[in-house]
Structure formats: C-alpha cells, structure tokens
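One structure below.
The values are calculated or read from the model by the stated rules, or taken from the named source; none is laboratory data. Model, not experiment: these values are computed from the prediction. Glycine also receives a Cβ, built like all others from the backbone with ideal geometry; neighbour counts cover every protein chain displayed.
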Amino acid sequence: MKASAPTDQLQKKLSFINHGVSARADLPVLLNILIEAKDGKITLSSTNLEIGIQTSIPATVEEEGGITVPAKTFTELISSLPQETISLTTEDATLRVKSKKTQSSFQTIAKEEFPKLYEEKGELLAKLPIKTLQEDFSSVIFSASIDTGRPALSGILMRREEQGFLLVATDGYRLSLKHATLTHIPGEEVSLLVPARIFRDVLSLKEGKEAVEVYVSPEKNQVLFQQGETVLIGRLIGAEFPNYERIIPSEHSAVTAFDREELLKAVKICSIFARDAANIITLSLKKDAIIVSSQTPSLGENTVTVEASLTGEENEIAFNARYLLDVLSNVDRETLTFEMTGPLNPGVFRIKDDTSFLHLIMPIRIQA
C-alpha cells in the first residue's frame, strides 16, 4: 500500500472511527483500525464485534493495499500532526507514516485477520433526515439502559408504521415514546430492537446534511446506517422488549402546562440540595405554579417557583433529579405538560399540542 491524504481529513474521521474500537484486548486485532487504500480513497474501519464503523476520505493512491494498526497510537500521532499531506506506506509488516518533518513506523496485523463488517446492506427500511435524528431520536435514546446485562432494556424498539416509525426506550424506571414521521418506504410491518449505542453513534454524525439510510438484514441479524461514505453496522438485540403499553396511564387527575426552560433551571438549582438526599426532588402542583423543592437534613432546603397552569386537582410527587434533568434537557420544545394521578403512580411529560411524544417517570415514595 502506498497512499497520501490530508491530515485534517484523517483527524476528523479518526475521532469518529474510534467509537467502534474494542476496549478489551481479547482479540488484539480489535484494538486496531483497518486502513485500506483503493479506488482513489482511504477507507478506515473499526469493530468490537458488536458494532462496526467504516468511513472513507479522498486520497492519492499509488499502490492499493490494506493493513491494521493500533488505533490509540495511530490516532494520537495523526492528531498531533499539523495540517499537511502525509504518506502511508506498507513494507512487509510495517506501516510507515511520513510528513514533512516526521517519520513514524507501526507494527501491524494483517488485514485478513480483521473481521468482515458486512456482506450486504439488506433491505432499505427508512431515510432519516438529519433534523429527525437530532430532534426525534434524541428525545428517546437517553431513556435506554446502559446496562448491557439487561439486553432488552439497552435497545430502542423501532417499529415501522404507516407514516414512519414508533420509537420506544426504557430502562425500567422511565420510558420515552415517539412517533417519528419519515419518508414512507413501503414494506411489511417490521419491529427491530436496535442497541441504543448505535443510535448514539449515529447522532454524532455531524458532517454533511445528507439523510441517513437505514438497512436491515434479519438473516444476518444486523442493522446498517449509512450517510455518504460513512457506514455503521450493529447486531440486532434478540431479547423481547417489555410490554410498555400497560404502564402508560390511560387517564390523569391533574395536568399542568409550563415553560420547559424555566422548570429545567429550577430542577438544576434544587438538585444541588438533593445530592446528599438520594437525589430526590419534589414537584408540588399548584393552581398557577409548580413548586420545585429539595432538602437535606445536614445542609438545608431549597424551593423554586415555576409559573404553570393547572387543570384538575393540586397534588405532589417526587422524582430522581437526574431523570427530570434528562427529559427537560433532551426535549427541545418551549412548552411541555405534566400529567399525574397520584404520588405513587407514574408521571407523564408531553409536548403541548403534540400527541406524538410522551415521557414517563416512575415516582419515588417519600415519607409524609
């Protein structure tokens, strides 16, 4: 292999490609990045066997070929170089990186030992506009569990509907649901359980304005996301998603409308006093306000009043502060509503005049 490319292009792609590098050394080649030079471009690939990432940049290719190099060291080197064109050349089992003033060499592993990321894309399932990814998917993904020991809760349920997709995520303590309107691609009803981590990586695609295409291959048990020259591949989760519909309240005794930003500020203030008290924050629904409060016996207490408009009976409920901060930070709308039926029943946040979204949080029992 003999090729050259601008360092700034490599730097941008390497920061993203490292999301797929394994954190464990069970297989040494998984700690490496695959570099391939062919057809006027350099293609970079990484995988941890659960997800895979592949992306390309334009390059001058004199000799085609490929090799794998240690991801961490190679990335640190390229990140340290000034903006210029560098050459990448393989000699036996060594990759030589040369710039105007720097010469480096890397011990490598043959590309044949690097796992193949995918053989075929599968069926085109949807085209996701960047705005949809940033708004609709961001309002759901944060609710998925980060504990991979509970596979079903670490995924996003993605079900094709007539006008788009239903998205649902839950970690057992909260739940987000969104009906996302997408470009309609005819096909049979499909329900996928996609690892939330893949969606988080897809959300970090910040280059270009092209829609992200979603492909699925049930036979290969994989889902594939593509935007331009960048591809993310992941395994579908085989576990059964919880019956989420049974925990969503069908009625409520109180609903209050409020400014999202104002409640977010109030929760942030009260979370300071909640840290040493199990992170508990209380919301008291009044006729024209939400009283946000927290207290710690050893520190003191704090109360913030947020203007609101209540329909129904006054009530009180307590939540984990982090869960409140998450929903108020990830739903980018000016006015939200909050529904409840009692201090021991789930509370439900919605976007005012928008039935496509809801977020449910299980309450915390507090002593009177």
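Residue-by-condition table, conditions (1) closer than 21 Å to I109 by Cβ; (2) in contact with a Lys or Arg (Cβ under 7 Å, 6 or more places away or on another chain):
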| residue | (1), (2) |
| --- | --- |
| Q9 | no, no |
| L14 | yes, no |
| G20 | yes, no |
| D39 | no, no |
| T47 | yes, no |
| E50 | yes, yes |
| V69 | yes, no |
| E76 | yes, no |
| L81 | no, no |
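Condition check ((1) over 19 Å from the mean Cα position of the chain (by Cα); (2) hydrophobic (A, V, I, L, M, F, W, C)) across all residues:
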residue	(1), (2)
G228	yes, no
I233	no, yes
L236	no, yes
A254	yes, yes
D259	yes, no
E262	yes, no
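Considering the conditions (1) over 26 Å from A144 (Cβ atoms); (2) in contact with an Asp or Glu (Cβ under 8 Å, 6 or more places away or on another chain), E301 is excluded by exactly one of them, (2). Of all residues in segment 321-354, those being in contact (Cβ under 8 Å) with a residue 60 or more places away in the chain, closer than 18 Å to A274 by Cβ and surrounded by fewer than 20 Cβ atoms within 10 Å (Cβ to Cβ) number 3. Take I67 and decide whether it is within 26 Å of F199 (Cβ to Cβ), not assigned by TED's automatic domain parsing to the domain that holds I237 and not hydroxyl-bearing (S, T, Y). For I67, the condition - within 26 Å of F199 (Cβ to Cβ), not assigned by TED's automatic domain parsing to the domain that holds I237 and not hydroxyl-bearing (S, T, Y) - is not met. The numbered conditions (1) assigned to a helix (DSSP H, G or I); (2) among the β-branched types (V, I, T); (3) under 14 Å from N32 (Cβ atoms) are all true for V69 except (1). Within segment 283-312, take every residue that is at pLDDT 95 or above and among the acidic types (D, E) and give me the one that is surrounded by the most Cβ atoms within 10 Å (Cβ to Cβ). Among them, the one singled out is E307. Within segment 84-95, does at least one residue satisfy the condition of being β-branched (V, I, T), assigned by TED's automatic domain parsing to the domain that holds R235, in contact with a strand residue (DSSP E or B) (Cβ under 8 Å, 6 or more places away or on another chain) and surrounded by fewer than 18 Cβ atoms within 10 Å (Cβ to Cβ)? Checked segment 84-95: no residue is β-branched (V, I, T), assigned by TED's automatic domain parsing to the domain that holds R235, in contact with a strand residue (DSSP E or B) (Cβ under 8 Å, 6 or more places away or on another chain) and surrounded by fewer than 18 Cβ atoms within 10 Å (Cβ to Cβ). When segment 104-143 is filtered for residues that are closer than 30 Å to S356 by Cβ and acidic (D, E), the ones remaining, listed by number, are E123, E135, D136. Within segment 104-160, restricting attention to residues that are free of Cβ contacts under 8 Å to residues at least 24 places away in the same chain and assigned to a helix (DSSP H, G or I), the residue that is nearest to the chain's Cα centre (by Cα) is K131.
Every residue, every condition in (1) over 29 Å from the mean Cα position of the chain (by Cα); (2) assigned to a strand (DSSP E or B); (3) over 20 Å from Q227 (Cβ atoms); (4) assigned by TED's automatic domain parsing to the domain that holds V194, yes or no:
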{"position": "D8", "(1), (2), (3), (4)": "no, no, no, no"}
{"position": "S15", "(1), (2), (3), (4)": "no, no, no, no"}
{"position": "R24", "(1), (2), (3), (4)": "no, no, yes, no"}
{"position": "I35", "(1), (2), (3), (4)": "no, yes, yes, no"}
{"position": "G52", "(1), (2), (3), (4)": "no, yes, no, no"}
{"position": "S56", "(1), (2), (3), (4)": "no, yes, no, no"}
{"position": "T73", "(1), (2), (3), (4)": "no, no, yes, no"}
{"position": "S79", "(1), (2), (3), (4)": "no, no, yes, no"}
